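Below is one structure; the comments refer to it alone.
The values are calculated or read from the model by the stated rules, or taken from the named source; none is laboratory data. Quick caveat: nothing in here was measured; it's all calculated off a predicted structure. Heads up, the Cβs are rebuilt from the backbone with ideal geometry, glycines too, and the neighbour counts pull from every protein chain shown.
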């Protein structure tokens with residue numbers, strides 16, 4: 001008896017209309033009447049705008065040279081940025097001392113890296129205290145008087161490095177302060193609670209520009225006569241308070257997300273208030289608040305640009321000064337603002353991406 | 001011998017210091033009061049220090065106090081004012097001018113930011129790949145660039161490159177755009193125009209009544225009423241009828257080029273244009289993000305159920321998704337609107353005369369009474385934000401889940 005073995009025919013390739021680029025285009029660009037019209041309109045708009053923009057930005061842009069006279073072609077004059085790049089990044093910090101600014105930025109990066117690399121015990125013992133000390137270490141390095149370096153007054157600090165450093169320094173100091181405010185807001189003590197609420201709501205409800213303005217016109221009145229407080233220090237105080245208010249709200253939502261059982265369990269093993277808060281609650285709150293803390297940092301970082309209204313020479317202020325420089329009167333506003341915007345965009349965008357990533361990594365509860 | 005401790009003994013042995021346990025300072029209740037008393041003392045000392053320092057400083061610098069300055073005349077002019085203003089008017093008047101300008105730019109900003117936000121937020125869910133990508137690019141670009149930079153960009157990199165008045169860009173013979181701003185025809189009332197305005201108000205009321213009636217009828221009988229068509233008919237028909245009856249009691253005042261500048265018509269200054277664009281685009285990006293999050297919060301089953309009963313995609317959005325996502329979106333809208341009002345202070349970078357620029361800026365420079373003037377300015381922002389909060393809470397209540 002012979003058995004007939006079943007042999008299937010070889011599979012036919014899928015119809016062209018369901019796989020490959022043609023299908024993709026059909027599905028994603030021309031799936032309905034509305035989509036066909038929309039696609040055509042968008043392609044038409046892009047085709048009429050993009051080539052000109054790219055040409056202006058790159059192809060017929062002027063890249064090399066040192067003076068405005070080098071900008072002979074029609075496109076963007078990136079020479080402008082190039083000529084001012086030192087001021088844009090470092091302000092008018094003395095040229096020979098720039099390594100100090102670089103050192104501070106390097107320290108910031110190193111400490112952030114350390115807090116990721118070090119094991120948990122060391123992280124708490126080494127990275128966290130270093131973090132809290134960093135603003136003061138940087139102050140000493142940048143100022144230079146205490147350690148026998150050339151003294152550089154704060155009005156010479158500036159540029160993009162100032163934006164980064166003042167945002168980071170505010171963040172670091174605001175961190176413990178905001179945690180206290182958040183605790184105060186949740187506390188059972190009515191007076192402490194109302195003080196915290198008032199502080200938080202005041203700083204959240206006031207435009208940051210008004211706060212900076214108050215820092216420059218009102219704060220000097222609050223100090224005793226004869227005491228003058230450095231402008232940058234006042235700005236720092238304002239930014240710390242502003243950021244604390246926003247972070248306190250971040251922490252508050254973090255507190256609310258901790259299950260009640262955690263508090264009860266901590267109580268039941270006999271931990272006191274501070275033990276419970278610091279050992280059980282705080283680590284969990286920081287963990288779940290991390291993406292929002294980063295988002296707050298992005299907001300404050302963007303807000304450092306507002307410092308230009310009180311004439312602190314941060315990046316945008318320097319670009320504006322450069323725009324009115326008598327050697328560069330050819331109208332480079334577009335180049336200057338695009339460049340500043342691009343730098344901020346890169347920083348903020350990468351930080352928001354990081355926040356999203358951290359959110360996904362930390363989202364351990366929902367993983368089975 | 002085997003010895004078993006009693007519970008009391010264990011307690012006594014394990015509690016390290018039972019001596020102070022009953023002391024009053026270990027009682028959480030009293031301890032709370034002690035902490036609060038310390039806080040109070042600290043705050044009192046702090047404020048006492050600040051106030052006495054301030055008084056000393058003010059005396060030393062010869063700064064006056066009180067609100068007398070409000071009645072003195074200003075001595076400078078403003079770029080733009082919604083109410084008549086000249087240099088002899090008082091500081092109280094300029095406060096009002098600034099306040100109205102702030103409200104104007106906030107309203108314009110909120111209006112356009114909402115439209116942009118909803119368009120780009122919904123565009124994220126488009127089946128068209130290009131539309132979806134454009135929505136993402138829009139949100140990620142404008143959200144991550146400081147708003148003050150955007151204002152400056154529009155003002156001095158875009159609007160400043162517009163042609164001079166002689167070579168204005170123009171639409172027909174009535175709308176002109178040049179470096180001095182946008183010129184629009186102005187509507188001038190003639191006698192009888194009030195009848196038209198009354199008819200518009202009546203039409204709006206009629207639409208509300210009709211809507212209420214149609215909803216009630218649908219709930220009772222299930223019969224639908226062509227509400228949109230009827231509403232549009234009333235909204236346009238009634239004023240049109242009034243126009244015809246009264247013989248069109250309006251005429252336009254067209255801007256005309258005279259010499260180097262335009263006269264007549266309404267001029268929208270470039271400061272207002274660039275501030276409105278920047279605020280709406282910036283806040284719009286955040287609102288788009290909120291709308292996206294809101295739409296994502298609606299379970300997928302809702303869309304599928306809607307498809308299975310045969311609703312079209314547009315109807316699914318407007319009838320099923322948007323009403324449910326509004327619950328998530330409304331609180332976020334509230335905070336975005338509030339930050340828009342606060343962000344309107346960036347006007348100071350380009351000199352648009354809103355409250356902060358004219359009052360806490362120019363006026364403060366002349367008067368020097370920082371405390372009173374900052375207090376007045378901040379109070380306005382707090383009140384405006386509270387107002388937004390109240391309105392948005394009402395709105396929030398109307399979209400919240402109603403359980404029957």
Which of the residues that make up the range B:384-403 are at the interface with chain A (Cβ under 10 Å from one of its Cβ atoms) and either within 16 Å of residue B:67 (Cβ to Cβ) or free of Cβ contacts under 8 Å to residues at least 12 places away in the same chain (or both)? B:386
Of everything in the range A:187-207, what is more than 7 Å from chain B (Cβ to nearest Cβ), at pLDDT 90 or above and in contact with a helix residue (DSSP H, G or I) (Cβ under 7 Å, 6 or more places away or on another chain)? Give them in sequence order. A:193, A:196, A:197, A:199, A:200, A:203, A:204
Kindly check whether there is at least one residue in the range A:219-236 that is within 10 Å of chain B (Cβ to nearest Cβ), without any contact (Cβ under 8 Å) to a residue 12 or more places away in the chain and part of a helix (DSSP H, G or I). yes
So which residues in the range A:63-72 are at pLDDT below 85, surrounded by 12 or more Cβ atoms within 10 Å (Cβ to Cβ) and not in a helix (DSSP H, G or I)? A:65, A:71
Of the residues in the range A:27-39, those that are in a helix (DSSP H, G or I) and either exposed (fewer than 13 other Cβ atoms within 10 Å of the Cβ) or in contact with a strand residue (DSSP E or B) (Cβ under 7 Å, 6 or more places away or on another chain) (or both) number 2
If you scan the range B:153-173, which residues turn out to be out of contact with any helix residue (DSSP H, G or I) (no Cβ under 6 Å at 6 or more places or on another chain), crowded, with 16+ Cβ neighbours inside 10 Å and either closer than 29 Å to residue A:300 by Cβ or facing chain A (nearest Cβ under 8 Å) (or both)? B:158
Any residue at all in the range A:208-215 that is loosely packed, with under 15 Cβ neighbours inside 10 Å, within 14 Å of chain B (Cβ to nearest Cβ), touching a helix residue (DSSP H, G or I) at 6+ places or on another chain (Cβ under 8 Å) and assigned to a helix (DSSP H, G or I)? no
Do we find a residue being surrounded by 15 or more Cβ atoms within 10 Å (Cβ to Cβ), in a helix (DSSP H, G or I), in contact with a helix residue (DSSP H, G or I) (Cβ under 7 Å, 6 or more places away or on another chain) and within 14 Å of chain B (Cβ to nearest Cβ) anywhere in the range A:85-94? yes
State all residues of the range A:50-76 that are touching a residue at least 60 places away in the same chain (Cβ under 8 Å) and touching a helix residue (DSSP H, G or I) at 6+ places or on another chain (Cβ under 6 Å); if no residue qualifies, say none. A:71, A:76
What helices (runs of 4 or more DSSP H) lie completely within the range B:268-379 and have 1 or more residues being within 14 Å of chain A (Cβ to nearest Cβ) and surrounded by fewer than 21 Cβ atoms within 10 Å (Cβ to Cβ)? B:270-296, B:322-343, B:364-367
Only strands (runs of 3 or more DSSP E) wholly contained in the range B:92-189 count here; list those with 1 or more residues that are under 30 Å from residue B:379 (Cα atoms). none
Any residue in the range B:88-98 that is farther than 30 Å from residue B:372 by Cβ and either touching a helix residue (DSSP H, G or I) at 6+ places or on another chain (Cβ under 9 Å) or within 13 Å of chain A (Cβ to nearest Cβ) (or both)? no
Is it the case that some residue within the range B:198-211 is surrounded by 15 or more Cβ atoms within 10 Å (Cβ to Cβ), within 30 Å of residue B:151 (Cα to Cα) and either more than 31 Å from the chain's Cα centre (by Cα) or modelled with pLDDT of 85 or more (or both)? no
May I ask you to list the residues in the range B:131-145 that are buried (at least 18 other Cβ atoms within 10 Å of the Cβ) and within 11 Å of chain A (Cβ to nearest Cβ)? B:131, B:134, B:139, B:142, B:143, B:144, B:145
Just give me the residues in the range B:59-72 being touching a helix residue (DSSP H, G or I) at 6+ places or on another chain (Cβ under 8 Å), at pLDDT 85 or above and surrounded by fewer than 13 Cβ atoms within 10 Å (Cβ to Cβ), in sequence order. B:71, B:72
